[in-house]
1. Output the number of the condition that A:THR405 fails; it satisfies all remaining conditions of (1) under 26 Å from B:GLU144 (Cβ atoms); (2) of a type outside the set (Gly, Ala, Ser); (3) free of Cβ contacts under 8 Å to residues at least 60 places away in the same chain.
2. Let me confirm something: among A:GLY318, A:GLY330, which residue is assigned to a strand (DSSP E or B), crowded, with 23+ Cβ neighbours inside 10 Å and in contact with a Gly (Cβ under 9 Å, 6 or more places away or on another chain)?
3. Give the number of residues within the range A:113-135 that are within 16 Å of A:ASP195 (Cα to Cα) and either of a type in the set (A, V, I, L, M) or within 21 Å of the chain's Cα centre (by Cα) (or both).
4. For the range B:62-95, enumerate the residues that are more than 7 Å from every other protein chain (Cβ to nearest Cβ) and not in a loop (DSSP other than H, G, I, E, B).
5. Are there any pairs, at least 6 apart or on different chains, whose C-beta atoms fall under 6 Å, with the first in the range A:312-340 and over 23 Å from A:MET412 (Cβ atoms) and the second open to solvent by less than 50 Å² (accessible area, probe 1.4 Å) and in a strand (DSSP E or B), and if so, which?
6. Within the range B:17-34, track down each residue that is assigned to a strand (DSSP E or B) and surrounded by fewer than 17 Cβ atoms within 10 Å (Cβ to Cβ).
7. Give the residue that is most open to solvent (accessible area, probe 1.4 Å), with candidates limited to residues of the range A:395-421 that are more than 14 Å from chain B (Cβ to nearest Cβ) and either part of a helix (DSSP H, G or I) or within 30 Å of B:PHE81 (Cα to Cα) (or both).
8. Considering A:GLN339, A:GLN431, A:GLN399, A:GLN435, which residue is under 30 Å from B:ILE156 (Cβ atoms) and polar (S, T, N, Q)?
Amino acid sequence: MSNDQAVSQYLAEYPASSASLPGQTLPWLQQFRKQALACFSTHGFPDIRQEEWRYTNVSAIEKKRFKPFTSTAQGLTNIDSHVLDELVLQDMWTVVLVNGQFVAEHSRLEGVPPGVIICSMSQALEDNPEQVQAQLGQAVSDDEHGFIAFNSAWFSEGLYVHVPANTVLEKPLQVVHYFDDADALLALRNVYHVDESAEASIVETFAGAAQAYFSVNVTEAVLAENASLSVTQIQTASDKAYHFAGCYAKQAANSRFRHDNFAFGGLLARNEIHTQLFKAAECELNGLYLGNKRQHIDNHTRINHLEAHAISRELYKGVLAQRARGVFQGRVIVAEDAQKTDSEMNNRNLLLSEDAEADTKPQLEIYADDVKCAHGVTVGQLDEKSVFYLQSRCMSEEQARNMLTFAFANEMVNKIKHKSLHDFVLKQLLQRFPQQGVEAAWL
Amino acid sequence: MLTIENLHANVGEKPILKGLNLHINPGEVHAVMGPNGAGKSTLSHVLSGKSGYDVTEGSVIYQGNNLLELEPEMRAREGVFLAFQYPVEIPGVSNIYLLKAALNAMRKHQGLGEVDAMDFLMLVKDKIKLLQMDEKFLYRAVNEGFSGGEKKRNEILQAAVLEPKLCILDETDSGLDIDALKIVADGVNSLRSAERSFLMITHYQRLLDYIKPDFVHVLAHGKIVKSGGPELALELEEKGYSWVEEQAA
């Protein structure tokens, strides 16, 4: 009921807000948005009756009535610049978006190789509309669920990246998203297009002030043959924020995609990482979700092996304290033609309190007959033998448990090889770790 | 140093230790030998405070205090060190950190300040040579991916850094080839002193060729059934355990 009301209200407000969305002069985009709007109008927001949303109830988002973007929306008005300094990694190229708006004075793109395009989505729609048109909707469809359709209709900004063939970005690109506009709903659409044999690494940081806002991020990552792309998401949104981020990759033959997902913030966060693997493509999906208080963090992954010889590796770990709830749904689909698929999926959860909850659901759907697919899931407490071992080495029981819990989480941080990024993620982890007395010196 | 009197301990409903007596003076090395299932590991676990054991009768007095009342970490800080039969792997925690944290916890308990970082590094590098371990082990996660011999050496390294008063070696020789055994034994021997006592729990006489005990005890059916000098170990080696068990029965 409230779903219908919320949907009707957003639809009613659409004509007013759509005038300020980018790409007004592009008929194909108007058509794209119109179809998305129709799709949203039919499906509404996702519902727990849908299998892929059974553990995550988004009715709070519907009740909240966030304000979609308008041209009068707040930009970088009163942000303390050292808030951004804390988030910016100095040895990377930087793009900063505050409340969904591109902030040129904080963005640094000097020395980007010729031919590489890194710009805001609105800029790309002005300068390279055909290129955007060719990629938009390639890796994800509005039919997927209501947030995608909503994003397609409402997106006001985003990031467009194109790395041409045989070009290697020798340092990562960091996209800093910062939100402090209360009750704002920001739909951002990103395209990461990595051409044949090109390589790129993109770091997405999401942070915000302690206000309720809702960011709906949809990223389409298109990897041409033999391309390589690494995406790292570090989400430390405020504890009142709602966060949806979907990264949808389409991987041509022999391409390599890696996604590292650090989901630490938000009151309600849903991450989706989906990938389609063509011949001999490889993907590695890593995740760490840290839930505290009443946080709800949902991770939904889908790995679609469409052709033969592709490899997928996935490890998600959750640490859930107090009344937090963590969700992992991992689906691996192996098509009939995807012989010699090699796939491993693991999800491990530590529950630190009796009220914490982990819902985990690995799903394998295998239609080919010559494949190697493994999966494993654990939900539990610390190994008591390890606790005793540390106690017998003078550690108090509490300290022993903290160390082991932190070490469990830190395994995911250690997968990050880029030093400044590793240290940044570690710092975020330490700041938000649910236990006291946790030290970086342990490592 | 340590007086165990009439110790009875159960695992669940099952009695494992059934009236064990043992007295260890400072500086003495005692070997407790016995067949499988005699209660050897239970003894080391009860002394170090592992949960899962109920002491139903008897007492353990360590340096004048009731050891059984102390939490495992307090026993460790008071100088009781257990070298594990199966050292646990702790992925994500570095070896050197554990050594330092353990030493500092012990020093704090003794009313001392934290060890100086440089002094600590010198100390550890000195001790690691003793165990013929590569320094890179310090920076690896505790026991993770270590071979059996490396794990046992790492246990003795921890003992060397913590300088315990009572060192319990639980089957320290099991799983070691002769070269590794010699290194571990050399490490243990270097720790011997007039104040430090050792309780070696072992199934095999072989260890005692390298670490010479002052006393040998035979543990069978949950009690010490025979005690003697080092010659007892040789006798056991020759005749096996059955004759002692028969004698005791």
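The values are calculated or read from the model by the stated rules, or taken from the named source; none is laboratory data. Just so it is clear, the model here is predicted, and its values are computed rather than measured. Using ideal geometry, Cβ is built from the backbone for each residue, glycine included, and neighbour counts are taken over all protein chains shown. Only protein heavy atoms, including side chains, enter the accessible area calculation; ligands, DNA and RNA are left aside. Shrake-Rupley method; radii C 1.70, N 1.55, O 1.52, S 1.80 Å.
1. (3)
2. From the options A:GLY318, A:GLY330, the qualifying one is A:GLY318.
3. The number of residues fulfilling the criteria is 6.
4. Hits for the range B:62-95 are B:TYR62, B:ASN65, B:ASN66, B:LEU67, B:LEU68, B:GLU69, B:MET74, B:ARG75, B:VAL80, B:PHE81, B:ALA83, B:ASN95.
5. Every condition considered, the pairs that remain are A:ILE333/A:ASN304; A:ILE333/A:GLU365; A:VAL334/A:HIS305; A:ALA338/A:HIS305.
6. Listed by number, the residues that qualify are B:GLY19, B:ASN21, B:HIS23.
7. By that ranking, first place goes to A:LYS419.
8. The conditions single out A:GLN399.
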